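Read-outs: derived from the displayed coordinates by stated rules, not from any lab. Nothing here was measured: the structure is a model prediction, and the numbers come from that model. Methodologically, a virtual Cβ is constructed for each residue, glycine included, from the backbone with ideal geometry; neighbour enumeration extends over all protein chains shown.
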């Protein structure tokens, strides 16, 4: 069934359908990007003589105020730009001496040479290089509350009060950028006035006049109505995205922050559910237009959950945002649901219904488990943890309080196991990859081999964490992100940008991939080589090197060794131990601002890609086969059914996973019953599971889409932390999704 | 500790009673239904199953067997069942699962411990434990003890039975069973004997007594095209359901062919002749419509295709 044909609680009007069509058409052929040219001109010509901070601020402000202004007369919300790179991050040409990536590379080579061997020579991926910024939300609600004028005033006051030169430079930069936002807004007003001057139709004139009034009020001044709040949010969100156009930067808890502005009009009947949902659809279409074709960009809204005082935070907007997004055939802004025992029971039922009918876009986040993990070791108080959101897929952090290296790298954990077995030779390239203390044959027993494995994980990760500290410094220096920092707590108080120690939490995050594959391989090694003596280390290494060709009997015996997910105590214990040890390695590092590095466990698009970088493994997996998803048992471990697999996935120490622990449960469409799924999700939550997602569409439909993609332009599938149009995915990813284990099959 | 012979414990069972359940399959059945899809359930004692497709010719079984029951020539395995006492030594060393002992002695505690692992799912779905078979009444002491323990654990219980046992046996578990899944195959006694090996006299009598005792009963009818899916049987089943007003309803169990191949693995000769083709969705919808037309409360829903 196509997404558009699913029964929804809100039916798209012809006006919205037109808007969708026009938005998609515009996004397909956007005007050329000008930011880089404008900013380069300003930085190297207009402001070359200014001190660095002011030069950075004025150059970006120049680009923003000169950005082409595009307004559409029929729209009620205004402002648009398409994509755009940030030369201060990874610029080329003249920017190489002034951008954070190039500086980071130079400094890493000089200051952290231990990291260099882990860089991928091609086809042998261990851990990613560099550091990705993004994946946070900022406090746009400050603008709703006090307006950009109010925010400027706060920074002016702080500037007047400070004697700290670094802080003063920072405050000046913020003020320059906030004023640029207002100038850019004024240009929209001017463009609307120009449209009005030539408009003849009274209805069109009326709408244009309303738009002019709206933009003359917000975002400069506090929002008074729901429409003003929507425009104020959208415009300031867009402006910050202009500054930091990175994936995963998200609206976060939008239902929570917008509700106070709707409450009065909703109560007195000036806006009803239909009208509000319509407006939300307009907002979502606008947010989507910027990145329409980039499904993996992942701007996420999380609705529901609890408030900082622990009370139920589900409000009418939580429901309406689900209705609106469910009705739209879009991937942005992804709407995810937080659920808590404090929420009304019918809300969980709605979330499960969304899982079934939401076009494979739902993701359920369990508040109690996630907040508990965030708060462990007194890392943060409840009121901050309760404000968590997803920075994109599921990078968990408190809204508006964390710096933006939240998802900074990915790590192919089973590759470490492979290299320890072979003594450092990559099974894909056949070449030496890393120096290792020995190969499997050199370990007297399994505990010694496992200890070497944990040591190597620590060596890889701590080298990476030192690199992140370097990149944090270069990012703070070369891309101060004034606008984003002005809406990040506690940058105003500390007088520092978010990456320079201004943010209340400076936690980094990274993604360890294929933990279940690594645990299953380790358990198979333990049983086959050391406990049951099914084979010697040399026989195993020979079989893995040959990708089991000529070693079929051994492979079958390895496949028969229990896997994580089947209820076997030994296999489950191995996964629990590996997860705990890995989390301890993450926790054992304190970063340059006293923050932590969070493990964020999900798989995004990397299941086939990481698999292609892995040779055959001791669990019987063949070279190149995809790895498993998040903390879900791999396909081999799903043989004892859904409840046993969920039981396994929730018995491991999830409370140690601070950055989000995702699971993927794809269901057979024909057997899926909403009541059954609700019972499963509720049990998952009761058992301490953190994040539940999965596909619920028919595999046969995916196969038909492979044959005739043109007939399925809006068939959306759950990839891993995000959803994408199936026909836009690469063939390996399409196959991986088609071949995933489906639960609930008869 | 009381023990019984179990041939499978199936987690996430969603078709054997309400909610998410764990179904405990006991070994031994007094009937030999021609369409039986679980022939491994019929014999009361453990049996050795050999799936040649999984054998890798590793020879482990040859070394394990003290009675020369396994022969290996040219990596091809041959099993001599005449000497086999189903000691299970060969299966323990068979890593691929080609050799498997069907049926194992388990204590009540062992079974209940496994069942309780899914308690979180019973609690959220209204599910519980189902005892099936084979025929649970053939191991009445074990069945009663399992139900007793389940009651102590406040688990919802179902028993699936063919009803072919003495009333004295059935009566013992009435107070411990929340729902009987009562299998009924054919209304005509002689036809019943042809298809299952026994008459339905005792089955019908027990059904009426169970109904009179106020037990919750869902009548389950394996429906095989051209065998018992007949006009006469439909009419008789409708009449029976009218005699039993407290029935929760009738559930048709459309025939499937998943049992094919199991006979050969159990050493009962060549693959069994297929008794019928599996019914099409249209055929099932037609049955449902015909029962509905006779005023029978069916729990099946028409297919949507």
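Numbers for the structure displayed
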{"item": "Helical contribution to [θ] at 222 nm, DSSP H n ≥ 4, -39,500 (n - 2.57), averaged over chain B, rounded to 500", "result": "-8500 deg cm²/dmol"}
{"item": "Mean-position separation - Cα centroids, segment A:328-380 and segment A:160-196, in angstrom", "result": "36 Å"}
{"item": "Crossing angle, helix A:674-686 versus chain A [Cα axis fit, 0-90 degrees, rounded to tens]", "result": "80 degrees"}
{"item": "Rounded to 5, the percent of DSSP beta bridges in chain A classed as antiparallel", "result": "35 percent"}
{"item": "Rounded if a/c under 1.5, otherwise prolate or oblate - segment A:587-710, Cα gyration tensor axes", "result": "oblate"}
{"item": "Enclosed volume per residue, in Å³, of the convex hull spanned by Cα atoms of segment A:347-387", "result": "74 Å³"}
{"item": "Segment residue A:581-residue A:49, length gained on full extension (0.36 nm per residue, minus Cα span)", "result": "186.4 nm"}
{"item": "Shielding by partners, peptide A:643-653 (average Cβ within 10 angstrom, other chains)", "result": "3"}
{"item": "Convex hull volume of segment A:162-235 per residue (C-alpha atoms, cubic angstrom)", "result": "86 Å³"}
{"item": "Stretch gain in nm, segment residue B:172-residue B:15, where the contour uses 0.36 nm per residue and the Cα spacing is subtracted", "result": "54.0 nm"}
{"item": "Residues residue A:532 and residue B:276, FRET efficiency given R0 of 51 Å [Cβ-Cβ distance, rounded to 0.05]", "result": "0.65"}
{"item": "Estimated FRET transfer efficiency when R0 is 60 angstrom, pair residue B:239-residue A:546 (beta carbons, to 0.05)", "result": "0.35"}
{"item": "Relative packing of A:476-483, A:38-45, which averages over residues the other C-beta atoms within 10 Å, highest first", "result": "A:476-483, A:38-45"}
{"item": "Separation between Cα centres of segment A:472-551 and segment A:614-689, rounded to whole Å", "result": "19 Å"}
{"item": "Peptide-level mean, for B:120-130, of C-beta atoms on other protein chains within 10 Å", "result": "5"}
{"item": "Prolate/oblate/rounded call for segment A:537-643, Cα gyration tensor, a/c under 1.5 rounded", "result": "prolate"}
{"item": "Shape of segment B:131-287, Cα gyration tensor, a/c cut at 1.5", "result": "oblate"}
{"item": "Separation in nanometres of the label points that stand 7 Å from Cα toward Cβ, at residue A:701 and residue A:196", "result": "4.6 nm"}
{"item": "Calculated FRET efficiency for the pair residue A:37/residue A:739, C-beta based, R₀ 41 Å, to 0.05", "result": "0.35"}
{"item": "Chain A, helix-only ellipticity at 222 nm - DSSP H runs n ≥ 4, -39,500 (n - 2.57), divided by all residues, nearest 500", "result": "-15500 deg cm²/dmol"}
{"item": "Relative contact order for chain B, counting Cα pairs under 8 Å that sit 6 or more residues apart, in percent", "result": "18 percent"}
{"item": "Segments A:224-235, B:65-76, B:108-119, B:6-17 sorted - mean Cβ within 10 Å per residue, highest first", "result": "A:224-235, B:6-17, B:108-119, B:65-76"}
{"item": "Principal-axis tilt of helix B:140-152 within chain B, Cα atoms, nearest 10 degrees", "result": "70 degrees"}
{"item": "C-alpha long axis of helix A:52-66 to longest principal axis of chain A, angle in °", "result": "70 degrees"}
{"item": "Cα-projected label distance for residue A:383 with residue B:231, points at 7 Å along beta-carbon direction, nm", "result": "8.0 nm"}
{"item": "Mean Cβ neighbour count within 10 Å, used as a protection proxy, ranking A:319-330, A:425-436, A:177-188 highest first", "result": "A:319-330, A:177-188, A:425-436"}
{"item": "Average beta-carbon neighbours from other chains, 10 Å sphere, peptide B:58-64", "result": "1"}
{"item": "Normalised contact order of segment A:583-702, rounded percent, pairs of Cα under 8 Å and 6 or more residues apart", "result": "23 percent"}
{"item": "Measure of compaction for segment A:464-533 (Cα Rg per 2.2 N^0.38 Å)", "result": "1.88"}
{"item": "Chain B - convex hull of alpha carbons, volume per residue in Å³", "result": "151 Å³"}
{"item": "Inverse mean reciprocal Cα-Cα distance (Kirkwood Rh) of the protein assembly as shown, Å", "result": "32.0 Å"}
{"item": "Added length on full extension, which subtracts the Cα-Cα distance from 0.36 nm per residue, residue B:71 to residue B:290", "result": "73.4 nm"}
